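Student: Please read through the structure below; I'll follow up with questions.
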Amino acid sequence: MFPASFEYHRVSSVKDALALLSQFGDEAKILAGGHSLLPMMKLRLAQPAHLVDIGAVHELAQIQEQGGRILIGGLATHHSVETSSIVKAKLPILAECAALIGDIQVRNRGTIGGSLAHADPAADYPAAALALEAEMTLENPGGKRKVKAADFFLDLLTTAVQAGEILTQVSFAALGAGTGGVYLKHRHPASGFATVGVAAVVTLKGTNFDKVRVGITGLGAKAFRASSVEKALAGKASDAIAAAASHAADGVDATSDTYASGEFRAELARVYTRRALEQAVARVKA
Ligand SMILES: Cc1cc2nc3c(=O)[nH]c(=O)nc-3n(C[C@H](O)[C@H](O)[C@H](O)COP(=O)(O)OP(=O)(O)OC[C@H]3O[C@@H](n4cnc5c(N)ncnc54)[C@H](O)[C@@H]3O)c2cc1C
C-alpha cells in the first residue's frame, strides 16, 4: 500500500515548523514517529499534501524535572519515557504505561506528543495522562497555551490541538507521599493496543481515600475520567473499591468490534478498574 504523493519538509526548530504549518494550513500535517500517521496515509484515510517532519527538533525530545514537575517534550519516544530515570523514579505509572505500548520498534519511533495528539481510542497514554492530571503545552504562531488533560480529549481522534499548533510539552506533577498509581491493560492480541486500559492514581489519608483519579481508554470513542468511580470512593476505605468499580462503564457508549463486544469491554473496564485501584492502594508510598 502506498500513500498519495506529498511534499516532505524536515525542520530543526519549532519556529520553522509553525511557519510551514501556517503557510500550508489544512494541507499540512506534522510527522513525528509516523507510527499512526503513515498507516493512515497508506490506507488513504489521511492525504496531507505536505508533511512537516519535527524529528530533528531535538529540544522537543527532552525529559526534565523542574519545580516538582516532570516535563516531557512532545517528541520524547515511548522508549525514552519507559527508560528515563526521572520518570521511573517520580512517575513509575507512566514508565509502565509506555513499556506496554506496542513492541520495541513502535516504542523506538512513536512519541508521546504523537500519541496524545492522535488520540486513538485504544491508545495507552491518554488514560495515564487523565489519571495523572497532565497539562499539555500547545504552541502556535501567537504563543503558547496550556490545556489540562480533562479538556484535551474531545472525541474519536479529536483533541484540543488546533490546526497549526504543535504539542510541545506534557507536564506532570511527581507522585508524592501518600500516593500510589498503576496502569493495567487488556492487550489486543494482534495490535497490542488496549482493548481496555485503566490508570488509577490514589492518595490516602490514613486508611481512607483522600483523592482518587481513574482514567480509562479503549472502552468508547475517547479516553475519559471515570468520575462516578472517583465520587463513589470519596472519603471511603479500600473495602469500597469493588462497589465503586462497578460504575466504571456508566454512561459510556462502549465500542463493539470483531474482537470484543461492547458488553465485554464494559466488563473489562469494571474488572480492570477494581484491580487497578487495589494495586494503586498497595503501592501507596508512606
Ligand atoms: C504496530 C503498532 C502497534 C501499536 N501499538 C500501540 C499500543 O499498544 N498502544 C498505543 O498507545 N499505541 C500503539 N501504537 C501507536 C503508536 O504509539 C504511535 O506511535 C502513536 O500513536 C503516534 O505517535 P507518533 O509519534 O508515531 O505520531 P505520528 O504518527 O507521527 O502522528 C500522529 C498524529 O499526531 C500528529 N502529531 C504528531 N506529533 C504531534 C505534535 N507534537 N503536536 C501536534 N500534533 C502531532 C500528526 O500530525 C498525526 O496527525 C501502535 C502503532 C503501531 C504501528
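Each value in this text was obtained by applying a stated rule to the coordinates, not by laboratory testing. Quick caveat, the model's predicted, so the values are computed rather than measured. Methodologically, a virtual Cβ is constructed for each residue, glycine included, from the backbone with ideal geometry; neighbour enumeration extends over all protein chains shown.
Student: From zero up to wherever the largest Cα-Cα distance of the stretch 191-241 sits, split into 10 Å bins and tell me the percent of pairs in each.
Tutor: Final binned percentages: 25, 45, 23, 7, 0.
Student: Let me ask something additional. Considering only 158, 191, 170, whose Cα is most displaced toward the positive end of the charge dipole of the stretch 73-195, charges sitting on Cβ of Lys, Arg (+1) and Asp, Glu (-1)?
Tutor: 170
Student: Ok, one more. For a protection proxy built on the mean count of beta-carbon atoms within 10 angstrom, sort 147-157, 193-203, 234-244 highest first, please.
Tutor: With the highest mean Cβ count within 10 Å placed first, the list reads 193-203, 147-157, 234-244.
Student: Run lengths n ≥ 4 of DSSP H only: what is the helix-derived mean residue ellipticity at 222 nm for the chain, with -39500 (n - 2.57) per run over all residues, to the nearest 500?
Tutor: -8500 deg cm²/dmol
Student: Along the stretch 247-256, what does the Karplus equation 6.51 cos²θ - 1.76 cosθ + 1.60 (θ = phi - 60°) give for ³J(HN,Hα), rounded to whole Hz, x for Gly and Pro?
Tutor: 8, 4, 9, 4, x, 9, 7, 6, 6, 10
Student: Using alpha carbons only, how many angstrom separate the centre of the stretch 86-122 from the centre of the stretch 132-163?
Tutor: Result: 17 Å between the Cα centres.
Student: Points 7 angstrom from Cα along the Cβ direction at residue 53 and residue 154: gap in nanometres?
Tutor: 3.0
Student: Taking R0 as 25 Å, what's the FRET efficiency between residue 43 and residue 108 from their Cβ-Cβ distance, rounded to 0.05?
Tutor: Computed FRET efficiency for residue 43 and residue 108 comes out at 0.65.
Student: Starting from the eigenvalues of the Cα gyration tensor, five times each then square-rooted, give me the equivalent ellipsoid semi-axes of the stretch 145-286, largest first, whole Å.
Tutor: 25, 21, 13
Student: Report Rg(Cα)/(2.2 N^0.38 Å) for the chain, keeping two decimals.
Tutor: 1.00
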